[in-house]
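The values are calculated or read from the model by the stated rules, or taken from the named source; none is laboratory data. No experiment lies behind these values; they were computed from the predicted model shown. So basically every Cβ, Gly included, is an ideal-geometry build from the backbone, and we count neighbours across all protein chains shown.
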Amino acid sequence: MSEGKMRVAIIGAGPSGVDAALACRERGWEVDVYERAPRAAAAIRDWGHVRMFTPWEMNRSARMDEALAGAGVAIPDGGAPPTGAEFAAQLIDPLLDTPALDGAVHLGCEVLEIARAGLSKEQEIATDARAARHFRLILRQDGTERAAVADAVIDATGTEFAAGPLGDGGVAAPGERSLAARIRRRIPDLPAESESFAGRTTLVAGTGHSAQTAIAGLADVVAASPGTRVVWVSRSADPDWGSPVDDPLPDRAALAARAGEVASGAVGGIEFLGGLSVHGLALAGAGIDVQLDGTPGPRTVRVDEVVSLTGSRADASLYRQLQVHECYATGAPIKLSAQLLGDAAGDCLSQPEHGPELLRNPEPGFFIIGAKSYGRAPSYLMRTGFGQAEGVVALLARDLAAVGA
């Protein structure tokens with residue numbers, strides 16, 4: 001660490017990671033953003049056909065606006081909320097081309113593991129001696145592995161959308177692994193993919209906004225293609241559709257209303273089964289037999305397609321050699337998670353500001369920000385990540401000043 005400067009490694013080139021990189025560059029620090037995908041904002045591009053609930057002004061930081069304006073690039077604004085693809089193409093991609101991030105982002109470069117140089121996980125527990133050692137990152141790019149060092153690490157890798165299993169209790173159901181290639185774990189791009197579902201029977205699992213979006217699209221396929229059938233399975237008998245009374249986000253409110261309407265049986269061809277979990281899957285000729293069980297009792301449905309939209313999960317394997325304190329319930333950093341569990345009754349728009357101190361770990365200089373910092377808590381907003389990036393970089397600056405003093 002040179003006097004007054006810091007080398008920061010940021011993992012993930014999504015919105016939080018990009019904003020954190022801009023904050024580091026503002027302070028004149030060395031920063032490297034490692035993104036394993038060939039393009040930035042890869043997780044958002046996975047659902048690029050889906051429109052966000054929040055408008056443009058809630059999906060940009062002031063720092064992003066400054067970087068674009070300084071480069072003479074138009075700031076995306078106004079109109080309908082962007083789709084994931086529009087967000088990536090109109091905001092994230094142009095930001096990577098600005099002088100503010102010149103040479104900072106390494107695409108197609110995967111961080112395999114992070115360690116503390118010269119120390120294993122159980123040594124120097126939360127001590128100054130541990131803080132004095134730099135981080136060591138093992139990288140892989142174009143099939144070649146190498147090591148890099150950093151004074152601080154910010155994990156902004158987000159959550160893995162496809163990680164949510166189908167089975168009862170949040171684990172994979174018997175047969176789920178062997179039939180993995182037959183299970184869709186992304187929101188279908190309807191109507192572009194309508195031919196894959198028309199005239200066939202599809203099982204959709206989950207009741208969150210992703211599942212609701214899929215159901216709304218499939219309802220249109222059912223209406224346009226006689227013989228199309230959808231079995232919609234929910235672990236909850238009476239789901240909360242995730243839209244508060246007088247919802248200020250009209251698109252979210254409309255989706256929740258549509259989901260409730262479909263679940264009530266208003267759309268012929270779509271059957272909602274509440275209070276049931278998937279207990280097994282088995283190949284049945286060209287189809288799949290899905291075994292369900294729960295309050296209504298067991299039943300088996302034969303389907304052609306399975307769409308699992310049961311939630312995302314964070315990957316903690318990156319920092320298994322670091323001293324990270326995670327909540328046993330949410331998987332988020334323990335201090336923030338305790339606060340989130342206390343705020344659980346609130347909507348994402350009413351979440352209070354959480355200071356960066358809640359993101360501190362026993363591992364000095366290591367922070368988790370963005371969607372990953374919320375673990376399984378559903379109340380994360382993109383603007384939350386921007387606030388975290390600002391707070392964490394300011395915290396690192398204070399720590400750096402204290403060392404210099």
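Among the residues of the stretch 322-332, are any part of a loop (DSSP other than H, G, I, E, B), within 17 Å of G164 (Cα to Cα), touching a residue at least 12 places away in the same chain (Cβ under 8 Å) and β-branched (V, I, T)?
Yes, the conditions are met somewhere in the stretch 322-332.
Yes/no matrix, rows are residues, columns are (1) assigned to a helix (DSSP H, G or I); (2) touching a Cys at 6+ places or on another chain (Cβ under 8 Å); (3) of a type in the set (D, E, K, R):
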{"position": "R133", "(1), (2), (3)": "no, no, yes"}
{"position": "R140", "(1), (2), (3)": "no, yes, yes"}
{"position": "R146", "(1), (2), (3)": "no, no, yes"}
{"position": "V153", "(1), (2), (3)": "no, no, no"}
{"position": "P174", "(1), (2), (3)": "no, no, no"}
{"position": "D189", "(1), (2), (3)": "no, no, yes"}
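Only one of (1) assigned to a loop (DSSP other than H, G, I, E, B); (2) touching a residue at least 40 places away in the same chain (Cβ under 8 Å) fails for R63. Which number is that?
(1)
Which of the residues spanning the stretch 248-260 are in contact (Cβ under 8 Å) with a residue 12 or more places away in the chain and surrounded by fewer than 21 Cβ atoms within 10 Å (Cβ to Cβ)?
Hits for the stretch 248-260 are P248, L249, D251, A256, A257, R258, G260.
Which residues, counting only those in the stretch 193-211, are under 24 Å from the mean Cα position of the chain (by Cα) and part of a loop (DSSP other than H, G, I, E, B)?
Correct list: E193, G206, T207, G208.
When the stretch 228-284 is examined, which residues are found to be in contact with a helix residue (DSSP H, G or I) (Cβ under 8 Å, 6 or more places away or on another chain) and of a type in the set (D, E)?
Once the filter is applied, which keeps residues that are in contact with a helix residue (DSSP H, G or I) (Cβ under 8 Å, 6 or more places away or on another chain) and of a type in the set (D, E), the stretch 228-284 yields only D247.
Any idea which of W241, W232 is outside the structural domain of G48 (by TED's automatic domain parsing), over 27 Å from G79 (Cα atoms) and of a type in the set (F, W, Y)?
Step by step, each of W241, W232 is checked, and only W232 is outside the structural domain of G48 (by TED's automatic domain parsing), over 27 Å from G79 (Cα atoms) and of a type in the set (F, W, Y).
Quick one: count up the residues across the stretch 98-117 that are loosely packed, with under 13 Cβ neighbours inside 10 Å and in a loop (DSSP other than H, G, I, E, B).
Result for the stretch 98-117: 3.
Could you grab me the full set of residues in the stretch 212-253 that are outside any loop (DSSP other than H, G, I, E, B) and of a type in the set (G, A, S)?
Those that are outside any loop (DSSP other than H, G, I, E, B) and of a type in the set (G, A, S): A214, A216, G217, A219, A223, A224, S234, A253.
If you go through the stretch 70-95, how many residues are more than 16 Å from T54 (Cβ to Cβ) and part of a helix (DSSP H, G or I)?
Of the residues in the stretch 70-95, 5 are more than 16 Å from T54 (Cβ to Cβ) and part of a helix (DSSP H, G or I).
Going by the conditions given, is V245 surrounded by fewer than 18 Cβ atoms within 10 Å (Cβ to Cβ), over 30 Å from E326 (Cβ atoms) and of a type in the set (A, V, I, L, M, F, W, C)?
Judged against the criteria, V245 is a match.
For the stretch 342-379, enumerate the residues that are at pLDDT below 90, among the acidic types (D, E) and within 26 Å of L396 (Cα to Cα).
E353, E357
State the number of residues belonging to the stretch 27-60 that are within 18 Å of the chain's Cα centre (by Cα), of a type in the set (K, R) and in a loop (DSSP other than H, G, I, E, B).
3
Suppose we filter S317, S277, S337 for residues that are closer than 24 Å to R185 by Cβ, hydroxyl-bearing (S, T, Y) and assigned by TED's automatic domain parsing to the domain that holds E357; which single one remains?
Just one listed residue meets the conditions, S317.
For the stretch 59-69, does any single residue satisfy the condition of being crowded, with 17+ Cβ neighbours inside 10 Å and in contact with a strand residue (DSSP E or B) (Cβ under 8 Å, 6 or more places away or on another chain)?
no
Please go through the stretch 265-314 and pick out each residue that is in contact (Cβ under 8 Å) with a residue 60 or more places away in the chain, assigned to a loop (DSSP other than H, G, I, E, B) and either small (G, A, S) or in contact with a strand residue (DSSP E or B) (Cβ under 6 Å, 6 or more places away or on another chain) (or both).
Residues satisfying the conditions are D304, T310, G311, S312, A314.
Here is a yes/no grid of residues against (1) in the same structural domain as Q212 (by TED's automatic domain parsing); (2) charged (D, E, K, R); (3) under 13 Å from G158 (Cβ atoms):
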position: I11; (1), (2), (3): no, no, yes
position: C24; (1), (2), (3): no, no, no
position: P38; (1), (2), (3): no, no, no
position: D46; (1), (2), (3): no, yes, yes
position: H49; (1), (2), (3): no, no, no
position: M58; (1), (2), (3): no, no, no
position: A67; (1), (2), (3): no, no, no
position: G70; (1), (2), (3): no, no, no
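Is it fair to say A74 is in contact (Cβ under 8 Å) with a residue 24 or more places away in the chain, exposed (fewer than 15 other Cβ atoms within 10 Å of the Cβ) and within 27 Å of E390 (Cβ to Cβ)?
Here the answer is no, as A74 does not meet what is asked.
When the stretch 1-52 is examined, which residues are found to be among the polar types (S, T, N, Q) and surrounded by 23 or more Cβ atoms within 10 Å (Cβ to Cβ)?
S16, the sole residue that qualifies.
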